[in-house]
Amino acid sequence: METRVPSTMRAMTLEEFGKPLVERTIPVPEVGPNDALVRIRACGVCGTDLKITAGKLNFVKTPHIPGHEPAGEVVAVGSDVRGVQVGDHVAVAIYLNCGECDYCRTGREQICPHLRGRVGFTIDGAYADYLRVPSTALRVVAPDVPFEDIALLGDCITTAWNAISVRADVREGQWVYMTGAGGIGLHAIQLAKLRGARVIAVDVDDEKLSLARRFGADLTLNALAEDVVARTRETVGGDGVDAAIDFVVTQSALDADFAVLRPDGAVILVGYNPDGPSLVRTMDIALSEFRLIGSRASGLRELDEMIKMIEERRIKPVVGRTYALEEVNQALDDLRNNRVIGRAVVVP
């Protein structure tokens, strides 16, 4: 079953690390028996795309089409596909997992050691008119949800939810300290509040902090203008915060994470620095029994949960500015220079 699809499409291609993406006209991929072809209606622009285009991730090879936050409409399916059909509006799970290992069976597909691919990283992504993926990577979303909102589901919002609900296990009444009120952080604030937590949001941009307050942050701190550790400890009292979730992970941010933490508290690292190293005080970790926890994207369970929350309007996707496909380089430059509030989204 399929609809009319052109033979060629536009794609913004990374041909050389450190250089702008190049618009090319290439063949539309053909679907295999278990594949679906998605017409891309929106794709989020992530900070990780800056690492990809700069050549910071050594598993990305050129030429390559980035874009790992796709949303779109199914326009063709293979002969053996079940569960999705032409016309469905879909979010895309970017980890093409094996489905059989212990990690996959326990809902942690993002750390499957036998990945068949990763959309926008090891296989071509969605800075293009069409995307071919195995149909098992698709999740159907209600047609009244805007494509720009759906685009934030595959990585941005679900990454926040994995950090909040799984890795930090945020609970009612806890204090959560968050560094970075960008695309992921603004959603993490909303999700932590839904779980009954109290949130301290830290950034260096007053406009982002204003938005953080709008979405529920109990206290916002500008790290360039005030002593975030002193203000946090003054506000929280007692032994410190229960969890520090870091979407930035600079050395100064990491130092502050541990400085505001209560004994047995957890630092959750969502951001990362591929150039490293970052230093931690191992004595403090040992003596206070701090927990240092990584948080990588999310599994399918988190994606399903976030689709339900979006459809029920329990969380508000924070879309900043939209860009045409041919404006991807501008979107990346705006993100690189801190000119994006919320999530930038490409709309082909």
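What follows draws every value from the coordinates through simple rules; no lab data is involved. Since the structure is predicted, the reported quantities are computational estimates derived from the model, not experimental observations. Every residue, glycine among them, receives a Cβ derived from its backbone with ideal geometry; neighbour counts consider all protein chains shown.
Which semi-axes, in whole Å and largest first, does the equivalent ellipsoid of the chain have when worked out from the alpha carbon gyration tensor as the square roots of 5 times its eigenvalues?
After scaling each eigenvalue by five and taking roots: 35, 21, 19 Å.
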Once phi for every residue in the stretch 117-126 is put through the Karplus expression 6.51 cos²θ - 1.76 cosθ + 1.60 (θ = phi - 60°), the whole-Hz ³J(HN,Hα) values, with Gly and Pro written as x, are x, 9, 4, x, 10, 9, 10, 4, x, 10
Sequence-distant residues sharing a close amide H with Arg198 (under 5 Å, placed H):
Gly173, Gln174, Trp175, Val176
Which percent, nearest 5, of DSSP beta bridges in the chain are antiparallel?
55 percent
Please report how many Lys pairs in the chain have alpha carbons closer than 28 angstrom, counting only residues at least 8 apart along the chain or sitting on separate chains.
13
Estimated dipole of the chain in Debye, rounded to 20 [Cβ of Lys and Arg +1, of Asp and Glu -1, Cα centre]:
240 debye
For the stretch 169-294, take N as its residue count and report Rg(C-alpha) divided by 2.2 N^0.38 Å.
0.96
Name the residue from Val319, Ala54, Leu224 whose Cα lies farthest towards the positive end of the charge dipole of the chain, charges +1 on Cβ of Lys and Arg and -1 on Cβ of Asp and Glu.
Val319
Which order do the peptides 223-232, 141-150, 175-184, 98-107 come out in when sorted by mean C-beta neighbours inside 10 angstrom, highest first?
175-184, 141-150, 223-232, 98-107
Relative to the Cα centre, what is the charge dipole magnitude of the stretch 6-122, using +1 at the beta carbon of each Lys and Arg, -1 at the beta carbon of each Asp and Glu, and rounding to the nearest 20 debye?
280 debye
Can you compute 3J(HN,Hα) from phi for each residue in the stretch 310-318, using the Karplus curve 6.51 cos²θ - 1.76 cosθ + 1.60 with θ = phi - 60°, rounded to whole Hz and x for Gly and Pro?
5, 5, 8, 6, 8, 9, 9, x, 9
Net charge contributed by nearby residues that have their C-beta within less than 14 Å of Phe17 (K/R +1, D/E -1):
+1
Of His114, His64, His187, the most mobile residue in a GNM of the chain (C-alpha springs, cutoff 10 Å) is His114
Among His187, Leu300, Gly240, whose Cα sits farthest toward the positive end of the charge dipole of the chain (+1 at Cβ of Lys/Arg, -1 at Cβ of Asp/Glu, about the Cα centre)?
Leu300
Out of Leu219, Leu300, Leu153, any idea which swings most in a Gaussian network model of the chain, alpha carbons joined below 10 Å?
Leu219
